[in-house]
Amino acid sequence: MTTDAAGTTTAQSITTVNNITFNDDVTLNGTYDSTLGNGFFTAAKTTTLAADVTVNSGTGDATFTGTVDGAHNLNVNSAGTTTFASAVGSTTPLTTLITDAAGTTTAQSVTAVDAIVFNDDVTVNGTYDTTAGNGIFVAAKTTTLAGDMTVNTGTGDATYLGTINGNQNLTVNSGGITTFGGAIGDTTPLVSLTTDAAGTTKIFGGVINATTGTFHDDVVLGNDLTFTGTTATFDKTVNGDATANLRNLIINASGVTTFNGAIGDSGVIDHLTTDGAGSTDLNGGLVNATTADFNDDVILSANTIINGTDATFERTLNGDATGNFRTLTINGSGTTTFNSAVATAAFSPASPPMPAAPPASTALWSTPPPPTSKTTSSLATIPPSTAPPSVLSRP
């Protein structure tokens, strides 16, 4: 079935063996099915949803060349390639947009009220917004960034279950739970990965390769994590999903690694390691880790307590400024090691020299020294980890 490019078409449910092609502006309502012959579905100009719409094309492609609008549900089931070449819901947001698990999808900016769900491999470019209804965003398989991507979900969750790759910027703004279930940048590193301050980010994928990684919200590790890039910033807490799970955090950053929140305050990190390049800024006041190994220069931007077994400082250790009189308290049951100069930039000339071999619990101070060392209370735990959620297609 084919219409020409002139005029407009209104069509309610069509079943054919071969192709369904609307070359003009079309208003849809119902089911458009070409599975019997694996025919194509094509809407070459604008598409308006007058009611819920389902497209079934078997292994045939489904293509929406023009904009798609309408306050209804759109389900596209294609084992071929599903293409949204123009914005979806930019004038009138859809209620939901859902693709099936077979095939692939390319989508350029989508606005929906309740849900945007790509159950297949997806290539994205633009903004994906469900804030109007605090809806969810789900990419259930691989995500390829063809351009910068911004996800806005209000208080809804944002979930990536597969890998994410592409030399672009990814920003996720969610007041719910942001979940990264697969490796990020494992084949093509991202330019930047950024989350907003609301909600929580859970990382299960184990690898993040991005020039910059900025987490403005609380971060929970559901697996060991290695970050590789230039700068890494954690503005709130960083915890394992449970102390018993012994999560490791490795940061390989050639620039500045910044911890502005507590580390391991509710789920102790097993091994916290930074590489030799760049520097680490501790500004969260607390590090609870079985072992903490800082291979780069360390700067204290807040009074800091480290609780664990072993603590190692391979390079210099300084306060951010001599006048700030930073204190460092190490409560370690094993070995505390300083392999380079301590407080060369943060102590006044009258400061006393540091002991050559500090004991297991050691306090560093600027003149005058504090009268006592601080201690910390016992650590709380959080519930055990759970695997990333599975995603079901809507009917």
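What follows draws every value from the coordinates through simple rules; no lab data is involved. Owing to the predicted nature of the structure, the values given are computational and were not obtained by experimental measurement. Cβ atoms come from the backbone with ideal geometry, glycine included; neighbour counts cover every protein chain shown.
Using +1 at the Cβ of each Lys and Arg and -1 at the Cβ of each Asp and Glu in the chain, identify which of Thr92, Thr131, Gly240 lies farthest towards the dipole's positive end.
Gly240
Please compute the net charge surrounding Ala277, taking Lys and Arg as +1 and Asp and Glu as -1 over other residues with Cβ under 11 Å from its Cβ.
-2
Give me the dipole magnitude in Debye, nearest 20, for the chain about the Cα centre, with unit charges on the beta carbon: positive for Lys and Arg, negative for Asp and Glu.
That gives a dipole near 620 debye.
Local charge sum around Ser13 (other residues, Cβ-Cβ under 15 Å, Lys/Arg +1, Asp/Glu -1)?
-2
Rounded to whole Å and sorted largest first, list the principal axis extents of the Cα atoms in the stretch 166-252.
Projected onto its principal axes, the Cα set of the stretch 166-252 covers 35, 25, 20 Å.
As a test, work out the antiparallel percent of DSSP beta bridges whose residues both lie in the chain, rounded to the nearest 5.
5 percent
Below 17 Å, Cα to Cα, which aspartates and glutamates can Lys141 reach? Residues fewer than 8 away in the same chain don't count.
By straight Cα distance, Lys141 reaches Asp100, Asp120, Asp121, Asp157, Asp186.
Give me the dipole magnitude in Debye, nearest 20, for the stretch 223-289 about the Cα centre, with unit charges on the beta carbon: positive for Lys and Arg, negative for Asp and Glu.
With Lys and Arg at +1 and Asp and Glu at -1, about 40 debye.
Which three extents, in angstrom, do the Cα atoms of the stretch 1-112 have along their principal axes, listed largest first?
For the stretch 1-112, the Cα extents along the three principal axes come out at 34, 34, 21 Å.
When the Karplus curve 6.51 cos²θ - 1.76 cosθ + 1.60 is applied with θ = phi - 60°, which whole-Hz ³J(HN,Hα) does each residue of the stretch 41-52 get, with x for Gly and Pro?
10, 9, 10, 7, 10, 6, 10, 10, 8, 8, 6, 4
Please give the Cα centre distance for the stretch 231-291 versus the stretch 305-334, rounded to the nearest Å.
Spelled out, the Cα-based centre of one part sits 14 Å from the other.
Give me the net charge of Thr82's neighbourhood, meaning all other residues with Cβ under 11 Å from the Cβ of Thr82; Lys, Arg count +1, Asp, Glu -1.
Charge balance in the 11 Å sphere: -4.
HN-Hα J couplings of the stretch 179-187 from phi, Karplus 6.51/-1.76/1.60, θ = phi - 60°, integer Hz, Gly and Pro as x?
10, 10, x, x, 5, 10, x, 6, 10
Show me, for the stretch 333-342, the HN-Hα J-couplings you get by feeding each phi into the Karplus relation (A = 6.51, B = -1.76, C = 1.60, θ = phi - 60°), rounded to Hz, glycine and proline as x.
7, x, 10, 9, 10, 10, 9, 8, 5, 10
Could you give the semi-axes, largest first, of the ellipsoid that matches the chain, computed as the square roots of 5 times the alpha carbon gyration tensor eigenvalues and rounded to whole Å?
Ellipsoid half-lengths, sorted descending, are 54, 17, 16 Å.
Let's test the formula: R0 of 25 Å, r as the Cβ-Cβ distance of Asn125 and Ala197. What FRET efficiency results, to the nearest 0.05?
The calculated FRET efficiency here is 0.45.
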